[in-house]
């Protein structure tokens, strides 16, 4: 079993390779993994086509257990998927991977700016999960759109981290007894760099603004 600290460092090294254009992914035969898998990290990321976790972290077949959903939101099905991987494979790192200029977050801001009757019912399920973390920001006066979206993305990442930490007895137990670590990170669409954030357990509910 790879501990969380080692797993984070492996992801950081992989992201550096990705940014520098020097992939080190090893070729693995599908047959070699047919009977078992042992991913060293769980990544709950956005469905955005520009942020495939295996590529941005330069990892190969069987290295990551990836869950993707628009806006990297955390619903019961996502929690269950993380619980499954953490228990079944002994994976000790969970990364909530958001990204700059997130379309789901932008859509939430746009929907909240409309009257209730003009909001799309098809987006409501996503908006309802993102809304609590970004609505307070909309109440702040004088925020430019770009600044608002940037802060909203990080607030949404932080909220998803907290939901995973507090919304599951299984993950809570693994965190306190078996070294499971749940962190947030943000992928920069322009640079390709992934910034990991300091989501210390018991921290304030605001967005994490201190990338490593």
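Throughout, read-outs are computed from the coordinates displayed, never taken from laboratory work. Please read all numbers here as calculations on a predicted model, not as lab measurements. No Cβ is skipped: glycine too gets one built from the backbone with ideal geometry, and neighbour counts run over all protein chains shown.
Seen against the Cα atoms of the chain and their longest principal axis, helix 4-20 is set at about 80 degrees.
Would you work out if the chain is rounded, prolate or oblate? Take a ≥ b ≥ c from the square roots of the eigenvalues of the alpha-carbon gyration tensor; rounded if a/c is under 1.5, else prolate when a/b is larger than b/c, oblate otherwise. Verdict is prolate for the chain.
Using Cα atoms only, what is the angle between the long axis of helix 145-166 and the major principal axis of the chain, expressed in degrees (0 to 90) to the nearest 10? Around 50 degrees separate the two axes.
Using a cutoff of 8 angstrom between alpha carbon atoms and counting only pairs six or more residues apart, the relative contact order for segment 1-113 works out to 33 percent.
Suppose we keep just the DSSP beta bridges with both residues in the chain; what percent of those would be antiparallel, to 5? Write out the running numbers ahead of the final one.
On the way: 3 of 19 bridges.
Around 15 percent antiparallel, to the nearest 5.
In the chain, Cα pairs under 8 Å separated by at least six residues give a relative contact order of 23 percent. The fewest-to-most ranking of 176, 195 by surrounding Cβ atoms within 10 Å reads 176, 195.
Structure remark: mean-square fluctuation, Gaussian network model of the chain, C-alpha springs under 10 Å; the largest value among 29, 133, 168 belongs to 29.
Mind sorting 9, 75 by how few other Cβ atoms lie within 10 Å of their own Cβ, fewest first?
Values: 9 11, 75 15.
Taking fewest neighbouring Cβ atoms as first place, the list is 9, 75.
What area, in nm² and to one decimal, does the C-alpha convex hull of segment 33-94 cast on average over all directions? Averaging across all directions leaves 4.3 nm² for the Cα convex hull.
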